[in-house]
Amino acid sequence: MIARELEFEGHLIDSMIFPKVLDLILDLEGEFEIVEFRIGKRKEDHSYARIIVFGKDEGHLDLIL
């Protein structure tokens, strides 16, 4: 397996961005590990996520990303 670390920042939960990203990874038969996840305390606060995405090989990982 090959892996790449990704970072996301913004309104990840209320915009459904983060769940959509995780669903896409799984739909394409990849795997992920959530390394760090911070949720904003107020509506205007941004959330932050750092994940590692795993693919079978470089081509598979490129397809996922």
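The values are calculated or read from the model by the stated rules, or taken from the named source; none is laboratory data. Bear in mind the structure is a predicted one, so any value in this text is a computation, not a measurement. Using ideal geometry, Cβ is built from the backbone for each residue, glycine included, and neighbour counts are taken over all protein chains shown.
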Tally, over region 1-54, of residues that are among the polar types (S, T, N, Q) and at pLDDT below 95: 1
Options 6, 12: the member that is among the hydrophobic types (A, V, I, L, M, F, W, C) and out of contact with any Ser or Thr (no Cβ under 7 Å at 6 or more places or on another chain): 6
Criterion: loosely packed, with under 11 Cβ neighbours inside 10 Å and touching a Phe, Trp or Tyr at 6+ places or on another chain (Cβ under 8 Å) - qualifying residue of 36, 5: 36
Residue 6 among the hydrophobic types (A, V, I, L, M, F, W, C) and out of contact with any strand residue (DSSP E or B) (no Cβ under 6 Å at 6 or more places or on another chain): no
